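J.: Dumping the structure here so I can ask a few things about it.
The values are calculated or read from the model by the stated rules, or taken from the named source; none is laboratory data. All values reported here derive from a predicted model rather than from experimental measurement. Reconstructed Cβ throughout: ideal geometry from the backbone, glycine too, with neighbour counts over all protein chains shown.
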Amino acid sequence: MRRNKLFPALVIILALMIAAQTALIIRQSGRTDTPSQIHVIIDDSSDNRWVQFIEGMEQAAEDEGVKVTIIPTGRLSNLTEEEDLIERVIASGTDGVIVQPFADPDAARIMENLSGRTVIELVDESTYEILSNVVGIVSPDHEAIGEALAQEAARYAGKPLSRCTIGVVKRGASLSSEEQIMSGFTKKLEELGGKAAWVQEQSDEAGSLKDLLLEKTPPDILVALDNAGLEAAGEYAASLEQDIVVVGTGTSMKALYYLDSGAVQSVIVPEDYMMGYQSVSDMADYIHKSRFLPQQRTISFRVINRETLFAEENQEILFPVQR
């Protein structure tokens, strides 16, 4: 009689175990057969500055078993253009979008309005707060990068900054990152006794940044606030008959070439590879797990000059290799 009473209970327990195992197999099989789709919207996606960032995303996509699609873009001119791209991606079907946001008062509101339709990971941006549909924010401390640029300018100036003509060059995109770098640079430069005499930006109608710089009287110090500006500054300095000090922030091989050749004295290099890797990892964790605590992470950067360019401790950040 006791065996008869236990038998139905054992059957029920066995059935529940089989059902749970079957559900797990189906869920895992679904992930393998149809990997989650993550789309990426960044300004000028083919620009050299994104090479390490994209390598990091590709490695994370392989590790996490997701598919990453980078939306081809040119220079994004305003927030509306970026919003249209996000809407198109949502309409085509996506599990999440990685976005480099514009510096616009309405940007946070637009991201919030996407709640319930998709989730967002913000990159290269450190001023936003975690919103309801933002799973993470990964960025260097841009103000700190700006401060480091001012300190490097003072280091290589050879005389007080108050006696130096200082020029600034940048591509001119309306990105939050560039505004923060400029803010940090200006504040620290003033603390050190210096002031920028002029700022050269590149507009869509104008020629190359190098050509625009050639129209000016060479400064004592030229500071580049982005990778495109640093490449132009290095090319410009290499073409001059006189020596000037060039410092800037960037990650491309072309920018590092000018550092190695001596046309550039110092480069601030953010860990873009890690920013790319972490952004995809955050999104994959959110998609694959029912519970996920949003994260706001700050990636590090290095100050590198010609003497330390090939130092062993800098190789991982300068020349990251997919593992």
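J.: Please work out if Glu81 is at pLDDT 85 or above and over 21 Å from Val280 (Cα atoms).
T.: yes
J.: I'm checking my understanding of the structure. Among residues of the stretch 137-174 that are modelled with pLDDT under 95 and polar (S, T, N, Q), which one is surrounded by the fewest Cβ atoms within 10 Å (Cβ to Cβ)?
T.: Ser174
J.: Being over 26 Å from Asn48 (Cα atoms), assigned by TED's automatic domain parsing to the domain that holds Ala263 and either touching a residue at least 24 places away in the same chain (Cβ under 8 Å) or outside any loop (DSSP other than H, G, I, E, B) (or both), is that true of even one residue in the stretch 88-97?
T.: Looking through the stretch 88-97, none of the residues is over 26 Å from Asn48 (Cα atoms), assigned by TED's automatic domain parsing to the domain that holds Ala263 and either touching a residue at least 24 places away in the same chain (Cβ under 8 Å) or outside any loop (DSSP other than H, G, I, E, B) (or both).
J.: Mind listing just one residue for me: the one in the stretch 289-312 that is under 20 Å from Ala61 (Cβ atoms) and at pLDDT 85 or above and, of those, surrounded by the most Cβ atoms within 10 Å (Cβ to Cβ)?
T.: The selected residue is Ile299.
J.: Within the stretch 249-289, how many residues turn out to be touching a residue at least 60 places away in the same chain (Cβ under 8 Å), assigned by TED's automatic domain parsing to the domain that holds Ala154 and more than 20 Å from the chain's Cα centre (by Cα)?
T.: So the answer is 2.
J.: Applying the selection to the stretch 294-311, what residues are assigned to a loop (DSSP other than H, G, I, E, B) and over 15 Å from the mean Cα position of the chain (by Cα)?
T.: Within the stretch 294-311, the first condition is being assigned to a loop (DSSP other than H, G, I, E, B), and the residues that meet it are 294, 300, 309-311.
Pro294, Leu309, Phe310, Ala311, listed by residue number.
J.: Please enumerate the residues belonging to the stretch 154-175 that are touching a strand residue (DSSP E or B) at 6+ places or on another chain (Cβ under 7 Å) and hydroxyl-bearing (Ser, Thr, Tyr).
T.: Tyr156, Thr165, Ser174
J.: Please tell me if Ile42 is in the same structural domain as Ser281 (by TED's automatic domain parsing) and either at pLDDT 95 or above or exposed (fewer than 11 other Cβ atoms within 10 Å of the Cβ) (or both).
T.: No: the conditions fail for Ile42.
J.: Taking the stretch 133-176 as the search range and keeping residues that are among the β-branched types (Val, Ile, Thr) and not in a strand (DSSP E or B), which one is farthest from Ser281 (Cα to Cα)?
T.: Among them, the one singled out is Thr165.
J.: Which residue pairs have Cβ atoms under 8 Å apart, sit 6 or more places apart or on different chains, and have a first residue in the stretch 99-115 that is modelled with pLDDT of 75 or more and in a strand (DSSP E or B) and a second that is of a type in the set (Gly, Ala, Ser) and surrounded by fewer than 16 Cβ atoms within 10 Å (Cβ to Cβ)?
T.: Note: pairs meeting the criteria are Phe102/Ser174.
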